[in-house]
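Engineer: One structure, as structure tokens, below. Some questions next.
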Amino acid sequence: MQAQINLYNQLCLILNINSTHSSYSENQKLYKAASVLQKDYLVSSSIEADNVIKHRMVHNKYDLMISIYNRKIKEHQVLVMLIQLFEVAMRTQAAIVLSNKYSSLNQDDWYFLPPSNAKHRKLQKKISDRALMLNQTIIPTTTSIDMFNMLMMGDIQTIYEANWSDLKSLFQNTTYKHNTITPLHTKAMFDARFERIKQYRNKLFHSNPGSSGWHQIIYDIEEIMVQLHYNLKDAINNIDPHQKIIHLQHSY
């Protein structure tokens, strides 16, 4: 209860609302918001609302604050969905390439074969460890894509780092449609982009606001996805059709 009261008082202070007027509708809504909405977004929305209030008359400070809050949540949701597109692509591409490398001809059986080298063995162990943790059973009809879907983002990052020599060809393209694109020539270039995306992703997926650098994250995702000849414009059409949040750099 005290945590809610403290946040409520903080919001009232920012918005210059008398916190003792508990019978007022505006106060009641703000008090309720402090118990169910995301704290950091509430505070930043209140600060932004206060800056608006300083320059024009506002009849309901709560309504203004909550409209800003909803805009921030919309941005959050759009970025989460964009990162999910990225995760699916990265998992699937790695699964396909590594299955092709380690499986029998025209088969998807690498997990069940004797390991051909240390990398193969480590990959099998990573999958088996994750399956055990999730209480999942891997059977011959389990596909590589299904197996990789069990992995966490950090696992996928580790797989790309450990198997870069086999996966780097995915990111060496110089053109896509009418675009000239920059290959990710080195593992360090790829790692830097992936690490930024992962760190930002972890904030968002734990319902925390990302930093102000989300434009950089969008750029990083696009630069990796375009290497896979992935049409992000089509992919985000139902997420952010007018690109109000996701501003793409390439033409599609």
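The values are calculated or read from the model by the stated rules, or taken from the named source; none is laboratory data. Quantities reported herein were computed from a predicted structural model and do not represent experimental measurements. Don't worry about glycine lacking a Cβ; one is built from the backbone with ideal geometry, like all the others, and counts go over all protein chains shown. We work out accessible area using only protein heavy atoms, side chains counted, and drop any ligands, DNA or RNA first. Shrake-Rupley method; radii C 1.70, N 1.55, O 1.52, S 1.80 Å.
Engineer: Looking at segment 79-184, what helices (runs of 4 or more DSSP H) fall wholly within it and have at least 2 residues that are among the charged types (D, E, K, R) and either open to solvent by less than 30 Å² (accessible area, probe 1.4 Å) or farther than 24 Å from Gln199 by Cα (or both)?
Structural biologist: Working: elements: 118-133, 144-148, 153-162, 164-167.
The qualifying helices (runs of 4 or more DSSP H) are 118-133.
Engineer: Can you run down the residue pairs with Cβ atoms below 6 Å, 6 or more apart or on separate chains, where the first is in segment 188-201 and under 12 Å from Trp214 (Cα atoms) and touching a residue at least 40 places away in the same chain (Cβ under 8 Å) and the partner is open to solvent by less than 40 Å² (accessible area, probe 1.4 Å) and small (Gly, Ala, Ser)?
Structural biologist: Tyr200/Gly210
Engineer: Out of the residues in segment 29-78 meeting the condition of being open to solvent by 80 Å² or more (accessible area, probe 1.4 Å) and among the β-branched types (Val, Ile, Thr), tell me which one is nearest to the chain's Cα centre (by Cα). Show your work before the answer.
Structural biologist: Initially, segment 29-78 is screened for residues open to solvent by 80 Å² or more (accessible area, probe 1.4 Å), giving 29, 32, 36, 39, 47, 54-57, 59, 70-71, 74, 77.
Within this subset, residues satisfying the condition of being among the β-branched types (Val, Ile, Thr) are 36, 47.
Working: Val36: 23, Ile47: 26 Å.
If we take residues in segment 29-78 being open to solvent by 80 Å² or more (accessible area, probe 1.4 Å) and among the β-branched types (Val, Ile, Thr), then Val36 is nearest to the chain's Cα centre (by Cα).
Engineer: Right, another one. Residues of segment 194-205 being open to solvent by less than 40 Å² (accessible area, probe 1.4 Å) and of a type in the set (Lys, Arg), which ones?
Structural biologist: To start, the set of residues in segment 194-205 that are open to solvent by less than 40 Å² (accessible area, probe 1.4 Å) comprises 194, 197-198, 200, 204.
Listed by number, the list holds a single entry, Lys198.
Engineer: A follow-up question, please. Looking only at segment 206-225, which residues are open to solvent by 50 Å² or more (accessible area, probe 1.4 Å) and modelled with pLDDT under 90? Even if it seems obvious, please write down each step before you answer.
Structural biologist: First, the residues of segment 206-225 that are open to solvent by 50 Å² or more (accessible area, probe 1.4 Å): 206-208, 211-212, 215-216, 219.
If the condition is that a residue be open to solvent by 50 Å² or more (accessible area, probe 1.4 Å) and modelled with pLDDT under 90, then His206, Ser207, Asn208, Ser211, Ser212 are the ones that fit.
Engineer: Can you go through Asn163, Asn135, Asn179 and tell me which one is out of contact with any strand residue (DSSP E or B) (no Cβ under 9 Å at 6 or more places or on another chain) and closer than 25 Å to Met81 by Cα?
Structural biologist: Just a single option satisfies the conditions, and that option is Asn179.
Engineer: For segment 217-235, give me each residue that is assigned to a loop (DSSP other than H, G, I, E, B) and closer than 17 Å to Tyr200 by Cβ.
Structural biologist: Quick first cut of segment 217-235, residues assigned to a loop (DSSP other than H, G, I, E, B) only: 228-231.
Matches in segment 217-235: none.
Engineer: Name the residues in segment 57-83 that are farther than 20 Å from Ile245 by Cα and free of Cβ contacts under 8 Å to residues at least 24 places away in the same chain, would you?
Structural biologist: Once the filter is applied, which keeps residues that are farther than 20 Å from Ile245 by Cα and free of Cβ contacts under 8 Å to residues at least 24 places away in the same chain, segment 57-83 yields Met57, Val58, His59, Asp63, Leu64.
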